[in-house]
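Report on the following structure.
The values are calculated or read from the model by the stated rules, or taken from the named source; none is laboratory data. Everything quoted here is computed from the prediction, not taken from an experiment. Note that each Cβ is placed from the backbone with ideal geometry, even for glycine, and that neighbours are counted across all protein chains shown.
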Amino acid sequence: MRSPVRSRQTGSLELSEPLPDQSAGSHSRAEVQLWVTRTGGGHRRVAEAVSAAIRDQTHGSVRVAIDDPLAGGAGLGARALFLSYGPLVRASPSLWGALFRTFAKSWPRRTLERFLLAGLAPAMSRLTQERQPRVVVNCHPLLGPAAQMAANSLSEPARMLTIVTDLALVHPGWLSPPNALFLSPSPVASSWCVNQGIPATQVVDVGLPIDPGIGARAGPATRRRLRLELGIDEQRLCVVVGGGAEGAGKLRPLLGAMLESQLPLHVLVLCGRNRSLLRWVKGRPQLIPLEAIPYTQDPSRWLLAADVYVGKAGPSALAEAAAAGLAILVSDALPGQERSNLELLVDAGAGIAVDGPSELLEVLARLVTDGDPLMASLRAGAAAWARPDAAALAASQIVARL
């Protein structure tokens, strides 16, 4: 049964999305097991990209499983903790930031790890024993200890890898277990891991894995085709607005300003799991073309059709927008790792920060002006920063250890 969560912003009851019911006997064997769980959507996007790259490199001969302990019998306490993420980041980002900082400290983190180990390890070990993988890959900062226990529960323990998804400010939870091979998303993250005592031989900078098809398909021809399919006017600047899989961030003031701006825009809003935002967007007067898109596991179609990304600094969102060739305008960032993502992006010249509706409209006014160099500059910066081959590099490291 779905449990109600009261939104602090609207006072309305929002129902959490049900998880699939996976029976223990229904799981087939797999040589590679990737662990994810539902906090946002980026961790699963990373795992899906790596899984596809492994299949491509091995011509389908290597079986890959993407598993979520919440769908495999995790304890109620662990389940409740993970499912609270979405309502929390939507309703109180500052509280999320305080929790991020608290559990980055050693003793609270060890307490949390013990709590999660008790709630996750039995279900994860059971599923790993059914899968019998040769390699176990952790894609989430809170699953490492249980994933390691599961890998060691096999008669021949599986090799352990960790795919870090924090671009700059890396949460210390990623470093457990310390004997894993760490696939890092950036040189900054790699240096941090080494400075924390991980041997440099255990850290490989591969970039943040994303769907390789985004970079391969990006370009004017794909943009024109998708705009025709989606009914987007070629004469308008197409703006994708996103708050990640949870639809978080202060998006409504930005959308309201764009609606009233009279700029030639076509706005696509990736609402994620935020049903309140979805209803709000659908109820706006159609002063300009405005479309509300509910939660989707694959937003690439809309990214490849657009010109501009506006939204928060989620790592997968930034990496995918850059690979799609978009001008990136970051309007928000969750306290903690996402603010460092924003700084990394801006320092690399791959995007700019916009502080509020007025600044956003100033930038959009330049982007719709013929002859203004800003659009070309932002696209060039994003293209230079993008790493569309990251999934292939990560897959190569995994396949080498089979």
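Go through the range 235-269 and count every residue that is without any contact (Cβ under 8 Å) to a residue 40 or more places away in the chain and either among the β-branched types (Val, Ile, Thr) or farther than 18 Å from Leu367 by Cβ (or both). The total comes to 3.
Listed by first and then second residue, the pairs with beta-carbon distance under 6 Å, at least 6 apart or on different chains, first residue in the range 167-182 and surrounded by 23 or more Cβ atoms within 10 Å (Cβ to Cβ), second of a type in the set (Phe, Trp, Tyr), are Val170/Trp192. Evaluation of Pro108 against the conditions (1) part of a loop (DSSP other than H, G, I, E, B); (2) farther than 15 Å from Cys139 by Cβ shows that the sole unmet condition is (1).
From the residues in the range 189-203 that are among the aliphatic types (A, V, I, L, M) and without any contact (Cβ under 8 Å) to a residue 24 or more places away in the chain, which one is farthest from Leu175 (Cα to Cα)? The residue in question is Ala200.
Of the candidates Ala118, Ala147, Ala216, Ala123, the single residue that is assigned by TED's automatic domain parsing to the domain that holds Ala376 and either outside any strand (DSSP E or B) or without any contact (Cβ under 8 Å) to a residue 24 or more places away in the chain (or both) is Ala216. For the range 328-336, the count of residues that are of a type in the set (D, E, K, R) and either more than 11 Å from Ala382 (Cα to Cα) or in contact with a Ser or Thr (Cβ under 6 Å, 6 or more places away or on another chain) (or both) is at least one. In the set (1) under 23 Å from Ala91 (Cβ atoms); (2) part of a helix (DSSP H, G or I); (3) modelled with pLDDT of 95 or more, Ser316 fails one condition alone, (3). Against the test of being buried (at least 24 other Cβ atoms within 10 Å of the Cβ) and touching a helix residue (DSSP H, G or I) at 6+ places or on another chain (Cβ under 8 Å), the options Ala292, Ala323 yield a single qualifying residue, Ala323.
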